[in-house]
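Here, each number is a calculation from the coordinates, and none is a lab measurement. No experiment lies behind these values; they were computed from the predicted model shown. So basically every Cβ, Gly included, is an ideal-geometry build from the backbone, and we count neighbours across all protein chains shown.
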Amino acid sequence: AGLPTARLALALGLVQHHDGVSGTEKQHVADDYARQLAKGYDGTMAFVAEHVPQLHGTVPSALKFAPCAFANASICTASESLRGGADTKRVVALYFNADTTERKEYVRVPVAETAGLVVRELDANYQPKGDPIESQVVPLNDAQRRFRARYLYSATSGKASAATTTNGAVAQLVFAISVQPRSTAAYSIEIDKMATTNARARPSTVF
Amino acid sequence: STSAVMNQRVAVRPTALGEDLRAPGRSSKEQHSSGTAVVLESGVPAAVSTQDGDVPFKVSIALYNSSSGNAPFVDDSDNQWPIGRAGSTLPVPGLDQYPGPNSGAYIFRPNSSDPVRLHPSSTNAVVTAGPIVSEVYMSFDATLSATLRVYPDSDEVEVNYHVGPLMEEGSADAKFAGSEPSITYDTAGAVKSEGRMITDSNGYRAMPRERGTKPGYEPISEPAAGNYYPITAFASIASDTTALGVAVDRPCGAASLTDGAVEVMVHRRLQFDDSLGVGEALAEDECLPEEAGGDLVCRGLMVSGTHRVVLGSADGMPAAMRAAQRHNRHPPVALFAADTGSLDSEK
């Protein structure tokens, strides 16, 4: 008890029941499993969001990290807040590899802005290091838009600001990350319309 | 008429339907470096190039309508009488049409072993190409779609599916006792699997399966449902040289009902209980606000998931499935922060 993961451990223990594993419970029981798992997830991720960024280095006070549990529905309040003229100057994406081998992955970040995006890797002071990273903007397809609309208000528990709804994500920014074993890697996404063409996210050809 | 090479791995090459892609010289391997290339046939995937040249590769949906009673394969001893689900948004027609036995949470019981086969419409496939990822968005009907993605240096075809809401009021499938769609990955017999399939056993062991036989449960009375197995990690089929593997991101049912093809069930929405213990139909509704502070709108569950499909050598398939598992189920933990000020001060 007392550990930030205790709640999640209890919920996972509960869901080991054959009903939880195979879906043979009544709906209200399934809803309760989901509620317990969500509470456990929230508690654990709050702990992760507080401590993992410190694994990477000195966290600037302005950076408040949080997971985007609905990124698969193209919903991520932090990354969607990066838009021309908005207060957000950059979005920092931090990846933690719990494996014992290097992870090279392509990640997809929901974005509301598609022009002039530049991705850079960040050092231990969360400052840019090296050249911009190649990235590509992929527009949401019909199904992704439908799926996003379905969950938008529940994902942000009804707090979806007008901006996120009307000017929310219209595309996903795809780029490659490389995270050493049991380590972190941090990347910034900024809008820099003066950057060279190669530095900016490339548009996709759609036909 | 022109083939636009996408991302040096995916060639959109409209080919005559049914053309034998394995004809000599047809391999698209010369056009691509080694690894995966999804060749499209008038907008829908037609082949994947492997070391042995192009392997035909098609994605379709097997839509099983659930048993509405009098299922031809069941003897009368089944007393699975329908129990409609109170409070469901499902249109529950007169129970007399559904004398059981029914598909339910415990049992997959289609009303026929031949599902409705949905193919992607080749008119509205959307192909998106770029320097990193190329993808093909295919819609099968208003509530079923799949996006195939190919990344550089990867032998995996990532399939992101979106399914639901199923059996909406007035939809074509609402008149059935249930709707149970599976995604089928078909190599048109190119992978000569001869009735064999491998499925994981709760993510721990790879179990050999033989179509039509199930030790202790013979004879199998249901040609389709009787050959479905629960998987939590992957299902694969192989011939001596080539193999097809599908890594999944959640527990589901999988089968190989024809040589060279694997199908994975992606969603279920059923009108009745199968009277084997739950006491209500498997019909998950979702009641969500569809505008800020709006009333809750109840509809069937929409699901989105990711399969990682690998077409490659039989020897390399176990390692490829382990790698696909890691990508699918253990991605790096991601955290995001919107920076409104530190950049200026640090600068």
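For A:119, A:137, which order do you get if you count the other beta carbons within 10 Å of each Cβ and list the fewest first?
Taking fewest neighbouring Cβ atoms as first place, the list is A:137, A:119.
If you split all Cα-Cα distances of region B:262-334 into 10 Å bins from zero, what percentages do you get per bin, shortest first?
P(r) for region B:262-334, in whole percents per bin: 14, 25, 26, 26, 9, 1.
Inside 10 Å of the C-beta atoms of A:82-95, what's the mean count of C-beta atoms belonging to other chains?
Whole-number average of other-chain Cβ neighbours for A:82-95 is 4.
Sorted from fewest to most neighbouring beta carbons within 10 Å, what does the list B:140, A:47 look like?
The fewest-first ordering by Cβ neighbours comes to A:47, B:140.
Once Rh is set to the Kirkwood radius over Cα pairs, what Stokes-Einstein translational diffusion coefficient, in µm²/s, holds for region B:201-347 at a temperature of 20 °C and a viscosity of 1.002 mPa s?
Stokes-Einstein gives a translational diffusion coefficient of 112 µm²/s.
Order these peptides, A:74-82, B:184-192, B:112-120, by their mean beta-carbon neighbour count within 10 angstrom, highest first.
Highest to lowest by the protection proxy: A:74-82, B:184-192, B:112-120.
I'd like the projected area of region A:32-150, averaged over all directions, using the convex hull of its alpha carbons. Report it in nm² with one decimal.
9.6 nm²
Using a 10 Å cut-off around each Cβ of peptide B:300-308, what is the average number of partner chain Cβ atoms that fall inside?
Counting other chains' Cβ atoms within 10 Å and averaging over B:300-308 gives 2.
Within a 10 angstrom radius of the beta carbon, how do B:167, B:265 rank from fewest other beta carbons to most?
B:265, B:167
Counting alpha carbon pairs within less than 8 Å and at least 6 residues apart, what relative contact order, in whole percent, applies to region B:210-271?
Contact order relative to length: 27 percent.
Between residue A:115 and residue B:118, what is the spin-label point distance in nm, taking each point 7 Å from the Cα along the Cα→C-beta axis?
Between residue A:115 and residue B:118, the simple spin-label model gives 3.7 nm.
Between residue B:290 and residue B:194, what is the label-to-label distance in nm when each label sits 7 Å out along the Cα-to-Cβ direction?
Between residue B:290 and residue B:194, the simple spin-label model gives 5.3 nm.
Taking +1 at the Cβ of each Lys and Arg and -1 at the Cβ of each Asp and Glu, which of B:228, B:261, B:283 sits farthest along the dipole of region B:224-289 towards its positive end, judged by Cα position relative to the Cα centre?
Ranked along the dipole, the leading option is B:261.
If each Cα of region B:174-282 is one equal point scatterer, what is log10 of I(q)/I(0) from the Debye formula at q = 0.11, 0.15, 0.22 Å⁻¹?
-0.38, -0.69, -1.24
Which distance in Å, rounded to a whole number, links the C-alpha centroids of region A:125-147 and region B:211-252?
The distance from the Cα centre of region A:125-147 to that of region B:211-252 comes to 37 Å.
Other chains' Cβ within 10 Å of B:134-143 residues: what's the mean?
Per residue, the average neighbour count from other chains is 3.
Counting every Cα pair in chain A, what percent are over 20 Å apart?
Across chain A, Cα pairs with separations above 20 Å total 64 percent.
Beyond 32 Å between alpha-carbons counts as too far, so tell me which of A:39/B:214; A:26/B:192; A:64/A:104; A:39/A:104 fall in that bin.
Exceeds cut-off: A:39/B:214; A:26/B:192.
Just to check I understand the Karplus step: with θ = phi - 60° and J = 6.51 cos²θ - 1.76 cosθ + 1.60, what whole-Hz values come out for region B:107-119, glycine and proline as x?
For region B:107-119, the Karplus curve yields 9, 9, 9, x, 7, 6, 7, 9, x, 6, 9, 9, 9 Hz.
Could you let me know the centre-to-centre spacing of region B:282-347 and region B:137-176, using Cα atoms, in angstrom?
The distance from the Cα centre of region B:282-347 to that of region B:137-176 comes to 15 Å.
Please enumerate, by chain and number, the aspartates and glutamates with C-alpha under 15 Å from the C-alpha of residue A:89, excluding those fewer than 8 residues away in the same chain.
A:80, A:113, A:190, A:192, B:339, B:344, B:346
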